[in-house]
Structure formats: structure tokens, C-alpha cells
Amino acid sequence: MIHKLLHRYGVKGATLILSVIAVAVSSGITALATYLVEGSIGLLGMALGIGIPAVIAPVFAYSQLHLLQALDSLHAQLRNLAETDELTQAHNRRYFFQEAERRRKQAAETRESFSILIFDMDDFKSINDRFGHQAGDQVLQWVSRTCMSSIRPTDLFARYGGEEFVLLLPGLDADDCQRVAERLRQILAETPIELVDPAKPGQPAFTIHVSASMGAVCVRGGVADLNQLLKLADDALSRAKAGGKNRLIFVEHGE
């Protein structure tokens, strides 16, 4: 109840509500006690029953609610750190495996299609070598923002490691999965990236182009093993790299 009040009304609003409740309860108990003992409701007792909690309750409630709000904020920050890649703000690899396994089990129960896309930025080392690692970091951040703004809320996007990313696409059939993956590949390849050199403040941004090689797998029917699916997607990615880069290799698996 207290958490609901805090989230809905904030610290000040929740403090006021709890203070009013405290005063009402205190005055009610005081009136009942004085009536049972003295046979009447004394004005002094009522004044004390109302006045004391009216002074103490707001101070106590505000301090406790402020502390609770701070703890909630800290908990949210810790949860975010545990689930998010610090550089790109995409989900991290650990969270992806946990959530993807949960969704795999769900898909196996419902017999829903289940697709995984893994992609790797082409020639990323040359970007670091030519422009520096800070420029490479900007590229990864741009890739992450672009992908996260291009997918559905139900999709799961994560940094898989280095310049490699992974995308889980629940509920898409093979054709839809291919369309989504190909559209994402085209966006990455055709959109110029403006980079700023941190070592040269005030200098105009410079533009580069990147591309990605992709491997995707779509499962029809039950999904037996997440690692097997990731390996199929990774093998497809390797074939895309070997076949000339900036391309998608798609495979179907299952029933």
C-alpha cells in the first residue's frame, strides 16, 4: 500500500495522506479511550490526540517515504546495471540468455515461431585503427540506438560481445523474419553516421558508412535448445562473412 501511494502521489502527497490517516486513527482511539474511562469525551484529550500526531506524523512519514524512494531508485539502478550494457545501453549478454531462455520455454509450450538474428559489424577493427576507439564506441552506440528504435517492444535486443549484437524476434514466421532482418541490414548499410572527434572540440563532425553481416534462424514448432539455435544463427553469420559481408544468410529449423 505504501509503495502504491508513493508511486502515485510522490513523497509529499503520500506524506499528507498518511498524516491524515494517523491523525484520524489517533483521534478515534483517544475519543474511545476517554469515553470508556471517563464516560465522556474530554476536549483536552481530543486536542492532544489530534495535535501530537499532527506534528509528529508528517515528519516521520516524510523521512521514511523519502528513504523508501531512495531505496527504490537505488534498486532500479542496480537492476539496470545488471541487465544493461554500459556502452550501448542495449541489454547485456547475461540478461539476453536469461530472458531468451524464458521465452524459448514459452514458445515451446505455445508452438509459436521463434527467430534469432545475430549480426556483426563488418571491418570494425579498421574503424578503430583509422579513427580511434572513441569513434568505434560512437559507432556501436549509434548501431544500438538505430536497432532499438527499429524493432517492436516485444523483441529482445542485446550486445552479444564486442561489435556483435543479437536480436530475438518472437512470433514471426520465416518470411517476416527475413523481411525484418533485411530491412535492418539496409538501414545500417545505407544510413551515414556522423562522428565527433573528442580530441578536436569545435571541429565539424565527419561522416562514415558501416555495414553488418547477419545470420538468422527461424524455428517452426517447438524450440528444444537455445544454444543450438544460437549456433545455427552464428554459423549463418560466418557464411555471410565468408560470402562477401554486408549480407544476410537465413535458415529455417524445426518442424
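Side notes on the structure shown:
- Residues in the range 149-180 that are over 23 Å from Glu112 (Cα atoms) and exposed (fewer than 15 other Cβ atoms within 10 Å of the Cβ): Ser149, Gly161, Gly162.
- Selected residue [in contact (Cβ under 8 Å) with a residue 24 or more places away in the chain, closer than 16 Å to Cys218 by Cα and in the same structural domain as Phe250 (by TED's automatic domain parsing)] from Phe131, Phe119, Phe124: Phe119
- Residues of the range 105-126 that turn out to be in a loop (DSSP other than H, G, I, E, B) and at pLDDT 90 or above, as a count: 2
- Hits in the range 101-131 (condition: surrounded by fewer than 13 Cβ atoms within 10 Å (Cβ to Cβ) and of a type in the set (Val, Ile, Thr)): Thr110
- Selection within the range 199-234: residues that are at pLDDT 90 or above and in contact with a Gly (Cβ under 7 Å, 6 or more places away or on another chain). The member of this set that is surrounded by the most Cβ atoms within 10 Å (Cβ to Cβ) is Ala233.
- Of all residues making up the range 79-123, the number that are of a type outside the set (D, E, K, R) and more than 20 Å from Met148 (Cα to Cα): 5
- Counting only strands (runs of 3 or more DSSP E) that sit wholly inside the range 142-212, those with at least 3 residues that are within 25 Å of Arg104 (Cβ to Cβ) are 156-161, 164-170.
- Enumeration of residues in the range 101-133 that are of a type in the set (S, T, N, Q) and within 16 Å of Tyr160 (Cβ to Cβ): Ser115
- Taken as a whole, the condition of being of a type in the set (A, V, I, L, M, F, W, C) and at pLDDT 60 or above does not apply to Leu68.
- Output for the range 168-198, where each listed residue is touching a strand residue (DSSP E or B) at 6+ places or on another chain (Cβ under 7 Å), modelled with pLDDT under 90 and over 21 Å from Arg220 (Cβ atoms): Glu194, Leu195
The values are calculated or read from the model by the stated rules, or taken from the named source; none is laboratory data. Because the structure is a prediction, the values reported are computed rather than measured. Note that each Cβ is placed from the backbone with ideal geometry, even for glycine, and that neighbours are counted across all protein chains shown.
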